[in-house]
1. For the chain, what does the relative contact order come out to in percent, with C-alpha contacts under 8 Å and a separation of six or more?
2. For a test of understanding, tell me how many lysine pairs in the chain have Cα atoms under 26 Å apart, given they are 8 or more places apart or on different chains.
3. Output wanted: per-residue J couplings in Hz (rounded whole) for region 120-132, from phi through Karplus 6.51 cos²θ - 1.76 cosθ + 1.60, θ = phi - 60°, x for Gly and Pro.
4. On a 0 to 90° scale, report how tilted helix 36-65 is relative to the longest principal axis of the chain, with both axes built from alpha carbons and the result rounded to the nearest 10.
5. Would you mind getting me the FRET efficiency between SER2 and ALA38? Use the beta-carbon distance for r and R0 = 41 Å, nearest 0.05.
6. Can you give me the angle between helix 180-191 and the longest principal axis of the chain, using Cα atoms only, in degrees from 0 to 90, rounded to the nearest 10?
7. Suppose accessible area is computed on protein heavy atoms with a 1.4 Å probe; arrange VAL56, VAL174, VAL49 from highest to lowest.
8. Which order do the peptides 116-126, 163-173 take when ranked by the mean count of other beta-carbon atoms within 10 Å per residue, highest first?
Amino acid sequence: FSFFLIIGTYWVLRLMKDEMVYRYCFQPAFGYGKNDGAHMVIKMKTFSVFFVVACVVLYTKMIDWFQRHMLFYIIVSVYLVVFLFVFNVLLIAENEVSLENFSKDIWFGLFTGKTLMAVTGWVAYLGTESFGSMVIALFWSFTNSAFTTEQAKRAYAFIIAFAQLGSIGGSLFVKLSYSNQSYYLISMLAMI
């Protein structure tokens, strides 16, 4: 069931990440061109390879510092914070009357709404890409350390079957007509 939730969450986030970039973060209302979101996805995808490698290096160091179950809690908590940030920015942007005004508003005295949305696009994209690599690998690492060979022979087929149901369920869930921040909220609840 845990893997069902992990895979379902990943598929919801995976299907949302490109839309975040195209539709919300790099849109014409913020002064970007019509195809700037598509060009940004290419840059993000390229950079995500290096980002995931850096995350894997950090993960291999953390394996020596923490027990597997504690590492699971730590890493999932980091992703909860990342996606909570994305959720909150989407909530703020959704409640703005005018996205043109939002793009010019100064947030926390640091940057404009346009910059906040660009950062959010990067955070959502890289968070989703690394979630798919890190949490799934962490699940299998934890599962392999918790199961004996005999238990694994009996249980792994069921784990994979539930994972397939999670990928189908997560993909179908995105077809429902909810707001983007609702998808992030449901994903965070599934992580918990």
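1. Once divided by the residue count of the chain, the mean separation gives 48 percent.
2. Taking the chain as the scope, the lysine pair count is 17.
3. Running phi through 6.51 cos²θ - 1.76 cosθ + 1.60 with θ = phi - 60° gives 4, x, 5, 4, 4, 5, 5, x, 5, 4, 6, 4, x Hz.
4. Computed tilt is about 40 degrees.
5. Working: r = 35 Å, r/R0 = 0.86.
Result of the calculation: an efficiency of 0.70.
6. The angle comes out near 20 degrees.
7. From most accessible down to least: VAL49, VAL56, VAL174.
8. Values: 116-126: 21.5, 163-173: 16.5.
Descending mean neighbour count gives 116-126, 163-173.
The values are calculated or read from the model by the stated rules, or taken from the named source; none is laboratory data. These numbers were taken from a predicted model, which means no experiment stands behind them. Ideal geometry is used to build each Cβ from the backbone, glycine not excepted, and the neighbour counts take in all protein chains shown. Areas reflect the complete protein model, heavy atoms only, side chains present, ligands, DNA and RNA absent. Shrake-Rupley method; radii C 1.70, N 1.55, O 1.52, S 1.80 Å.
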